[in-house]
Amino acid sequence: MDTTVVAELTGNIATVGYGLAAIGPAIGVGIVVGRTIEGTARQPELSGRLQTLMYIGIAFTEALALIGIATYYIFGA
Amino acid sequence: MTASTRPSSSIVMSRVLLWGAVLAGGIAVVAAPLGYAVAGVPGLVGGLLGAAMGLVFMGATALSILVANRFASSDAYPAVFLGVVMGGWLVKLVLFLIVTVLLRDQPWLEPSVLGLTLIVVVVGSLVVDVLVTVKGRMPAVTDLPPSRRID
């Protein structure tokens, strides 16, 4: 029995890496923003405080995504 | 909410932008000569470009919150806020990917210097964010009477 190629994948495995790096921050930022909207809906007068807390949450989560892409420059060379 | 009320976070976000720019400028001053010493002119460009990219991409979130807060008096404020902040985030990451593809294999750029500078700016701006927020002395309640409003 001879083996034949029935399916072939071409491209760069780094694409999959970006996808993996994007999953975590996407879930994290979604939760942070969703909870902030929930809190603002319950107590609109606290929106300023909630937004600042949300900003810190987003900054830490998105730092993961940015560092994930920045590693391309370091290891891709 | 009255028409002139802005969420109290606007002041903090403006300060985050300001100190983020100061930090990125300081890091550029250090990273550019270091990059030049390590890799010549491409290293210098990498250091400057890395600091600029870090500033743009970390400042974009604060900027989007400032823009969204301009619609604070609107009934659709939660939806506008979600659209502007999350939409801005999405556009920013797509732009980041496009820039990455464009800068790939450019002879005038040392990518490792750019990547390392970017990571330093990102981590440094996290520190700045936390410090500015902790020292922000933000009022707990947004709806202050006009006489006590500080923005």
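See the values below:
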{"quantity": "Chain A: relative contact order in percent, alpha carbon pairs under 8 Å with at least 6 residues between", "calculated": "37 percent"}
{"quantity": "Net charge of neighbours whose Cβ lies under 13 Å from the Cβ of B:VAL123, counting Lys and Arg as +1 and Asp and Glu as -1", "calculated": "-2"}
{"quantity": "Per-selection metrics, the range B:8-133 (Cα): Rg and Dmax in Å", "calculated": "16.4, 55"}
{"quantity": "Helix B:111-134 vs. chain B, principal-axis angle (Cα, 0 to 90°, nearest 10)", "calculated": "20 degrees"}
{"quantity": "Alpha carbon centroid spacing (whole Å) that separates the range B:40-69 from the range A:6-77", "calculated": "17 Å"}
{"quantity": "Hydrodynamic radius (Kirkwood) for the range B:41-94, which is based on Cα pairs only, to one decimal in Å", "calculated": "12.5 Å"}
{"quantity": "Added length on full extension, which subtracts the Cα-Cα distance from 0.36 nm per residue, A:VAL16 to A:GLN43", "calculated": "5.6 nm"}
{"quantity": "Solvent-free Debye scattering, log10 I(q)/I(0), computed from the Cα coordinates of the range B:10-65 at q = 0.19, 0.24, 0.31 Å⁻¹", "calculated": "-0.62, -0.81, -1.08"}
{"quantity": "FRET E, pair B:LEU18, B:SER74, Förster distance 22 Å, beta-carbon r, rounded to 0.05", "calculated": "0.25"}
{"quantity": "Kirkwood Rh in Å, taken over all unlike Cα pairs in the protein assembly as shown", "calculated": "19.1 Å"}
{"quantity": "For chain B: relative contact order, % (alpha-carbon pairs under 8 angstrom, 6 or more apart)", "calculated": "39 percent"}
{"quantity": "Enclosed volume per residue, in Å³, of the convex hull spanned by Cα atoms of the range A:25-77", "calculated": "49 Å³"}
{"quantity": "Cα long-axis angle, helix B:9-39 against chain B (0 to 90 degrees, to the nearest 10)", "calculated": "0 degrees"}
{"quantity": "Sorted by Cβ neighbour density within 10 Å, fewest at the top, the residues B:TRP19, B:TRP108, B:TRP89", "calculated": "B:TRP108, B:TRP19, B:TRP89"}
{"quantity": "Helix-only CD estimate at 222 nm, as mean residue ellipticity for chain B, using -39500 (n - 2.57) per DSSP H run (n ≥ 4)", "calculated": "-26500 deg cm²/dmol"}
{"quantity": "Helix-derived mean residue ellipticity, 222 nm - over chain A, DSSP H n ≥ 4, -39500 (n - 2.57), to 500", "calculated": "-27000 deg cm²/dmol"}
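We did not get these values from a lab; they are worked out from the coordinates using the rules stated. These numbers were taken from a predicted model, which means no experiment stands behind them. When we count neighbours, we look across all protein chains shown, and the Cβ atoms used for this are built from the backbone with ideal geometry, even at glycine.
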